[in-house]
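Data first, discussion second: the structure below is written as structure tokens.
The values are calculated or read from the model by the stated rules, or taken from the named source; none is laboratory data. Quick caveat: nothing in here was measured; it's all calculated off a predicted structure. Heads up, the Cβs are rebuilt from the backbone with ideal geometry, glycines too, and the neighbour counts pull from every protein chain shown. The area values use the complete protein model at the heavy-atom level, side chains included, leaving out ligands, DNA and RNA. Shrake-Rupley method; radii C 1.70, N 1.55, O 1.52, S 1.80 Å.
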Amino acid sequence: MHKLLPFRIPFEDPEIAPLDLEASDAEAARKLAATRRGVPAGAIRKVKIIREKVDG
């Protein structure tokens, strides 16, 4: 099984709140976000992986 990665999905419509979720890759994250928000995949502006900020 693939390791799940954290993604943040912002949408084109500013009234749709960004969605944070875990998925195996960006394409899976895009599909899951579209399904959860009930929008077409084209309504997703970008798929961003959430990286930990390390102070150092």
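For the reader, a short list of remarks on this structure follows.
- Residue that is farthest from the chain's Cα centre (by Cα) [pool: residues in the stretch 1-18 that are open to solvent by 80 Å² or more (accessible area, probe 1.4 Å) and acidic (Asp, Glu)]: Glu15
- Taken over the stretch 19-45, the criterion of being out of contact with any helix residue (DSSP H, G or I) (no Cβ under 9 Å at 6 or more places or on another chain), in a loop (DSSP other than H, G, I, E, B) and open to solvent by less than 90 Å² (accessible area, probe 1.4 Å) is satisfied by Ser24, Asp25, Gly38.
- Residues of the stretch 33-46 classified as under 8 Å from the mean Cα position of the chain (by Cα) and modelled with pLDDT of 95 or more, total: 1
- Looking across the stretch 1-23, just one residue is of a type in the set (Gly, Ala, Ser) and at pLDDT below 95, and that is Ala17.
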